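Following: one structure in structure tokens, then a few remarks.
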Amino acid sequence: MVSTGSPALDRIVDRLATTTDPKRRYEYVLWLAKKLEPLPEEFRNDAFKVKGCVSQVFVVGQLLEGKLHWQGDSDAAITKGLLALLIEGLEGMTPDQATNLDPGFIAATGLQASLTPSRANGFLNILKQMQSQARALAAG
């Protein structure tokens, strides 16, 4: 098993990696999407929009007492689920942990096999945006 440094992310990756049925992986991602809290309207702007995604994706990081806290939304269910996976996985990390997170864990989920190339690329772009925000928040 790949260790990401985040127990929550490790659990998600492990759960997806041990699921052999691609349909079940999709169902889990959609379930994560449904759990995502609504994003306040004031964050739905270009400052928080993920570039390079076909769907509309917004992600917002906050730094409270040295830990990252995330919110986000997407207009596409699968993309929203991928965002929710990252939000849950990176929640409570330090900016350093988030910034240094190896995107290799994405391959370990087995999701690429089920995602279109543009969705897989969007997944990586969401992660990169979150890492970029983590760097900016750490820099103050």
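The values are calculated or read from the model by the stated rules, or taken from the named source; none is laboratory data. If you're wondering where the values come from, they're calculated on a predicted model, not measured in any experiment. Neighbour counts run over all protein chains shown; Cβ positions are idealised from the backbone, glycine included.
Descriptive notes on the structure:
- Some residue of segment 23-36 being more than 20 Å from Ala8 (Cα to Cα) and hydrophobic (A, V, I, L, M, F, W, C): no
- Residue among Asp14, Asp21 that is under 21 Å from Gly92 (Cβ atoms) and either more than 14 Å from the chain's Cα centre (by Cα) or modelled with pLDDT under 95 (or both): Asp14
- Long-range neighbours under 6 Å by Cβ, at least six apart or interchain, first residue touching a residue at least 40 places away in the same chain (Cβ under 8 Å) within segment 36-62, second crowded, with 19+ Cβ neighbours inside 10 Å and of a type in the set (Phe, Trp, Tyr): Val60/Phe48; Gly61/Trp70
- Extreme residue, surrounded by the most Cβ atoms within 10 Å (Cβ to Cβ), among residues of segment 76-105 that are over 20 Å from Glu27 (Cβ atoms), out of contact with any His (no Cβ under 7 Å at 6 or more places or on another chain) and of a type in the set (Asp, Glu): Asp96
So that you can scan it fast, the table gives a plain yes or no per residue for (1) modelled with pLDDT under 95; (2) farther than 25 Å from Lys23 by Cβ:
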{"site": "Gln71", "(1), (2)": "no, yes"}
{"site": "Gly89", "(1), (2)": "no, no"}
{"site": "Leu111", "(1), (2)": "yes, no"}
{"site": "Ser114", "(1), (2)": "yes, no"}
{"site": "Asn121", "(1), (2)": "yes, no"}
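- Segment 84-99 residues that are of a type outside the set (A, V, I, L, M), paired with ones that are in a helix (DSSP H, G or I) and crowded, with 24+ Cβ neighbours inside 10 Å (beta carbon under 7 Å, 6 or more apart): Pro95/Ala134; Thr99/Ala134
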